[in-house]
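The values are calculated or read from the model by the stated rules, or taken from the named source; none is laboratory data. What you see is a predicted model; the values in this text were computed from it and never measured. Positions of Cβ are backbone-derived with ideal geometry, glycine not excepted, and every protein chain shown enters the neighbour counts. Calculation scope for accessible area: heavy atoms of the full protein, side chains included, ligands and nucleic acids excluded. Shrake-Rupley method; radii C 1.70, N 1.55, O 1.52, S 1.80 Å.
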Amino acid sequence: MTDTTPAETPTPPAPPDWLTGPIAFMERVADVCATPGGRVDLRTGTTRNGLAEPWRMLPHLNAYIPRHGRDAETAHLAVAAMYAAQADNPTLKGASRTGGYDPAHGNLGTTLAHAVRRGVLREESATERLQALARQNTLDDLLRQLRPLVDRLAGENLPLSWPLLLSDVRRWPAYRTDIARAWMRTFYAPAPTDSEENPK
């Protein structure tokens with residue numbers, strides 16, 4: 001007699017406690033982007049003065065941003081705007097929310113490694129981008145370098161952990177060296193096998 005009991009799907013690991021805040025914030029961002037008006041409002045953060053004058057963003061997000069100073073607010077608004085720039089149009093059938101935590105998606109270094117393996121970027125180009133990011137001493141300088149890179153990666157449907165990105169951005173520049181090293185370590189980590197990268 002053949003056992004037809006379906007195999008149990010393993011439960012994904014719970015996110016670490018230190019990601020609770022970024023996960024909750026990005027879930028809020030995804031909820032806002034699920035409406036056409038909300039998505040448009042958050043996208044204003046990608047304009048030239050959008051983060052300096054976030055009047056259309058704050059009504060949606062103000063209650064969800066920790067009160068840790070200007071840089072913390074800027075980091076949250078910047079990542080929300082980057083997400084909104086790539087979010088699916090909620091008026092289209094099949095639009096999906098992607099702001100939550102996925103343990104399979106690593107930090108920015110992991111995403112860049114995927115970009116190299118898929119031929120989106122050459123290894124030399126990805127390394128130069130990581131080095132350029134690591135040299136940015138201020139949050140504003142980091143964001144100027146980061147926005148076009150995130151646009152490119154997200155536009156190519158590469159796996160990007162938005163909560164991890166927010167966690168890294170909001171801790172810059174106090175932990176700049178540690179974050180940059182973590183990105184480099186994961187970028188140069190051994191490539192996963194096909195079964196690990198594309199589980200059935």
* State yes or no: is Thr74 closer than 30 Å to Pro16 by Cβ, among the polar types (S, T, N, Q) and buried (at least 21 other Cβ atoms within 10 Å of the Cβ)? => no
* Leu146 passes all but one of (1) open to solvent by less than 30 Å² (accessible area, probe 1.4 Å); (2) in a loop (DSSP other than H, G, I, E, B); (3) not hydroxyl-bearing (Ser, Thr, Tyr); which number fails? -> (2)
* Structure fact -> Among the residues of segment 100-116, the number that are touching a helix residue (DSSP H, G or I) at 6+ places or on another chain (Cβ under 8 Å), open to solvent by 60 Å² or more (accessible area, probe 1.4 Å) and more than 18 Å from Tyr83 (Cα to Cα) is 0
* Structure fact -> By residue number, the members of segment 12-50 that are open to solvent by 30 Å² or more (accessible area, probe 1.4 Å), touching a residue at least 12 places away in the same chain (Cβ under 8 Å), part of a loop (DSSP other than H, G, I, E, B) and under 23 Å from Arg171 (Cβ atoms) are Pro13, Pro15
* Asked: Can you pull out the residues in segment 105-132 that are assigned to a loop (DSSP other than H, G, I, E, B) and touching a residue at least 40 places away in the same chain (Cβ under 8 Å)?
  -> His105, Gly106, Asn107, Arg118
